[in-house]
Structure formats: C-alpha cells, structure tokens
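All remarks here apply to the structure that follows.
The values are calculated or read from the model by the stated rules, or taken from the named source; none is laboratory data. Predicted model only: the values in this text are computed from it and were never measured. Positions of Cβ are generated from backbone atoms using ideal geometry, with glycine treated the same way; all protein chains shown enter the neighbour counts.
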Amino acid sequence: MTGADALFGVFAALACGGALGVAAFRSVARMAFSLVVCLSAVAGLFFLLNAPMVGATQLIVYVGGTVVLLIFGVMLTDAGVGRRMKIGLLETISMTFIAIGLAAALGWTAVGLGRAIPGAPVLDEEGVEIVAATPDTLRPIGLKFLGLGGESGVGFLLPFEIISVHLLVVLIGAAYLARAKRRVDATPETPPEATRETASDGLGEQA
Amino acid sequence: MTGYLIVSAVLLTCGVVCMASKRNAVGVLMGVELVLNAASVNFVAAAEFGPPAVPVQVATADAIGVGLDGQIAALFVIVLAAAEAAVALAIVLAFFNQHGTADVDAASELRG
C-alpha cells in the first residue's frame with residue numbers, strides 16, 4: 001500500500017460520496033455542495049493519473065466556473081432553501097432498480113476491463129517502479145492541439161478551432177436566452193432605453 | 001485501472017439516477033455534470049493505463065499509447081460541459097421567468 005494508493009482511496013471515497021450525495025439529497029443547495037466535493041475529488045484523481053493539466057483545468061473551469069454558475073442558477077430560480085420537490089414512490093422504486101442494474105453492469109465491465117488492461121508499471125533495471133515526478137504535460141498538450149511536434153503529426157487543430165467557435169456561439173446564445181424578458185403585454189417596438197429599464201425592473205423583482 | 005473504472009461507474013450511476021429522479025431542473029443539470037465527469041475520468045485513466053504504443057522499457061511519460069489523446073479528450077469534455085451548463089442554465093432561467101418554477105414536470109406545453 002503506497003502513498004498513491006492511500007491518496008486514491010481518499011479521493012475515490014470523496015468522489016463516490018459526493019456523487020451519492022448529489023443523487024440522494026433533496027435540497028438543491030446540499031446537492032451543489034456535494035457536487036463541489038465530488039468534482040474536486042475527481043480533480044485529485046486526475047492529478048494522481050499524471051494529468052496535472054487536466055486536473056488544473058477541472059479545478060478552474062469546473063469547480064471555479066461551472067459550479068458557481070449552477071449555484072447562481074439555484075439562487076435565481078429560488079429552488080434552494082424552502083421548497084423541496086418530492087418524487088413519487090413508484091419513481092423511487094423504479095429508480096432503485098435502474099440504479100442497481102446499471103451499477104452492476106458497469107461494475108462487472110470495469111472489473112473485467114481492469115483485468116484485461118493491468119497497467120504494467122514501468123520498471124528500471126533494479127525492478128523498482130519508475131514514478132514520473134510531475135510530468136510536464138502542458139507543452140506536449142499545447143503542441144498536440146496545434147498538430148506540431150507530435151511523433152505522428154496528427155493534431156487537434158480542427159477540433160480546437162471548432163470548440164473555440166462553439167464556445168463563442170454558446171456564450172452569445174446563453175446571454176440571449178437568459179436576458180430579462182419584456183412583459184408579455186409590452187409592444188415589440190419598445191425602444192432600447194425602455195427595454196433596459198424593464199430589464200432592470202425584472203432583476204430587481206427577482207432579487 | 002479497475003479502481004478508476006469503478007469510481008467512474010459510481011459517478012455515472014449517480015448521475016443517471018440524479019438526471020432521472022430530480023424534478024428540479026438544476027438538479028438534472030448536476031446529474032449531467034456527474035455523467036460527463038465519469039466519462040472524463042475514464043478518458044484520463046485510459047490515457048494513463050492504456051496499451052503502450054511503444055515498448056514499456058523505452059516509454060516516457062508522454063509517449064505511452066493513448067496518453068495525450070485521452071487527456072485532450074478530457075479537456076474537450078470539460079469545455080463542452082461548461083458550454084452545456086451555460087446554455088442549459090440560460091434555458092432554465094428563461095423557463096423560470098415564464099412559469100415561476102424550475103420544475104421540469106411543469107414544462108408540458110409540447111405534450112401531445
């Protein structure tokens with residue numbers, strides 16, 4: 001039992017516990033907190049897997065960005081503290097069966113696949129496992145994105161560009177969708193100044 | 001490898017249960033995040049433990065099998081998850097502005 005195994009146990013337990021909390025809690029605020037725990041533990045797993053770049057991105061984008069966005073969603077839709085939406089008994093029972101079946105199938109596959117791919121440790125001459133000390137993955141990942149310097153020459157430049165444009169489109173679309181709506185009875189020819197006033201009114205009512 | 005795959009399986013199961021059983025739209029979104037995280041855990045685990053493309057003795061950290069491809073796939077998953085969360089939350093907010101609730105069962109205008 002090495003230190004890496006112990007750390008894996010800690011992070012795996014945190015990740016699974018957080019995921020179970022997300023699935024089990026009724027209050028959305030508690031679900032959000034469990035999600036933060038789970039995603040941070042997954043970032044720790046990425047660090048353990050010699051992927052510090054992915055781990056850092058997970059922490060920055062996911063825990064720092066997406067979860068904050070979700071928490072804002074919880075606040076703005078006012079579903080957090082007071083109201084708890086119940087689900088029916090039939091749904092609970094059927095979901096339990098689905099969960100057990102899915103977990104059994106996936107667990108069986110995971111154990112089989114893990115046996116098939118044992119992950120041979122890299123050994124040096126004395127038979128001691130070589131553990132890469134914080135591999136430098138930032139530069140290879142950047143070169144791989146641009147299709148430069150790789151041994152195969154195959155890069156990810158096109159997906160990189162597509163995802164850049166996709167992000168731009170998504171942000172514009174999200175801003176368009178989430179803008180404060182005009183009143184239903186307001187005329188469509190409302191001048192921009194009045195629209196802005198109505199928008200600020202809507203925000204004030206929500207706050 | 002098995003440990004990471006099992007963690008990923010647990011995440012995916014919890015995410016699917018969360019997606020299917022929550023009535024709050026934000027809860028459904030959290031389930032989607034869990035499922036996407038399960039996928040990226042698998043990608044990075046395959047990047048680390050995948051079949052080596054070169055002999056193990058001469059393999060370096062960035063030359064093993066699917067190494068960087070798996071990590072790049074995980075990065076794409078993270079970015080797409082952020083975009084998906086932004087759009088979905090915008091839709092939820094628009095829905096909330098119209099209906100005054102975030103209950104997914106209230107979205108029944110298109111029911112046949």
TODO: Quick one: residue B:9 ticks every box in (1) under 30 Å from residue B:100 (Cβ atoms); (2) at pLDDT 90 or above; (3) surrounded by 24 or more Cβ atoms within 10 Å (Cβ to Cβ) except a single one, so which number is it?
DONE: (1)
TODO: Filter the range A:9-31 for residues that are at pLDDT below 90 and surrounded by fewer than 24 Cβ atoms within 10 Å (Cβ to Cβ) and give the result.
DONE: A:24, A:25, A:26, A:27, A:29, A:30
- [ ] Please indicate, with yes or no, whether at least one residue in the range B:34-49 is over 29 Å from residue A:139 (Cβ atoms), at pLDDT 80 or above, assigned to a helix (DSSP H, G or I) and at the interface with chain A (Cβ under 7 Å from one of its Cβ atoms).
- [x] yes
